[in-house]
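Only the coordinates and a few stated rules stand behind these numbers; no lab work does. Given the structure is predicted, the values throughout are model-derived calculations rather than measurements. A quick note on method: Cβ atoms are made from the backbone with ideal geometry, for glycine too, and the neighbour counts reach across all protein chains shown.
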Amino acid sequence: MKPAHFALLVAICFMWAMNLVLTRWTVTEVGVPPLFFAGVRVTLLAVLLAPFLLPAPRQLGMMFLIAMGMAGVQFGLLFLGLSLSPAGVAAVIGQLGVPFTTILSIIFLGERVGVYRTVGIVLAFAGVMIIVIDPSEFAITIGIIYLVGSAVVGSIANILMKRIDPMPAMRLQAWVGLFSIGPLMAMSFIIETGQLDTFIALDWRVYAASIFSVVGVSIFAHGSFYGLIKKYEVTLLSPLTLMTPVMGVILGVILLGEHLTWQMLVGGAIALAGVGIIGMRPNRRFPEASVGDKIGP
């Protein structure tokens, strides 16, 4: 990989990690309702990418389902999970998108996996279980359930992507944003309160975080990653994207004061090792499965 492209990938991973930390800060420290904040993000995304909406996708029904998996439902679960779980934990659990996508490609695309990828899948899930289960209670919190659900939904969207006509990255994200506004805002106004008053009364940092999540992450980071996928093998890119959860844990500790525990260190290392194994031996029918939901907006 060229040094300039590696530097770009580092910047992409940093933005993905920073986005988790900023979202966690916005929905906890500041108190913006998580579903409403997710709705704000997809609204800004749709507005900024409106020029890319045409021509419309031929399979609008399938596009709607993909939008729900990549933003409408996924963002809702992710932001709810971040309101209840540390950013570092969310960064590691988010990597479950890789084994989930591989499992779904086995079921729906007829993919076959060997010993190495099977071991990788087992390690990924075992590592996450070490992180999330409290040994004294043997219980999983609702925040963890939201985060795992987000990874599952994102993986389903990845599989559905194989059934829709190819389109440019910006057009895909424009339609994902447009279709996701209604469901997220509707759910927010059904189960959350005081959204507009809270958002209007906030300082410039929240507005900057909102813009960063769209311009820095959805447009720059995801758009640039699409470009790298076209230039390099997924077997090279996928293990390198594991910088994201590592950065997420570090940023969570530095910026949010989150605590590192032995469970996070040991479980995180095991989970990321499993994801790395899967990434180095990609699927034949769906090679992009090893980058999980990073290929979405």
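Points worth noting:
- Mean Kyte hydropathy of -1.0 or more with a Cα span along the axis of at least 15 Å, helices from DSSP in the chain: 3-25, 34-48, 97-109, 115-132, 142-160, 169-191, 243-256, 262-280
- Loop sites in region 206-297: trypsin sites (Lys or Arg not before Pro), DSSP, at most 14 other Cβ within 10 Å: R284, R285
- Sorted on the mean count of surrounding Cβ atoms within 10 Å across their residues, most packed first, peptides 38-44, 252-258, 28-34 read 38-44, 28-34, 252-258.
- Spin-label model distance (nm) - V215 vs I145, 7 Å beyond Cα toward Cβ: 3.9
- With contacts taken as Cα pairs under 8 Å at a separation of at least 6 residues, region 1-142 carries a relative contact order of 25 percent.
- Reduced Cα scattering model of region 3-284, Debye log10 I(q)/I(0), q = 0.10, 0.13, 0.16 Å⁻¹: -0.51, -0.89, -1.40
- The relative contact order of region 3-284, computed from alpha carbon pairs under 8 Å that lie at least 6 residues apart in sequence, is 41 percent.
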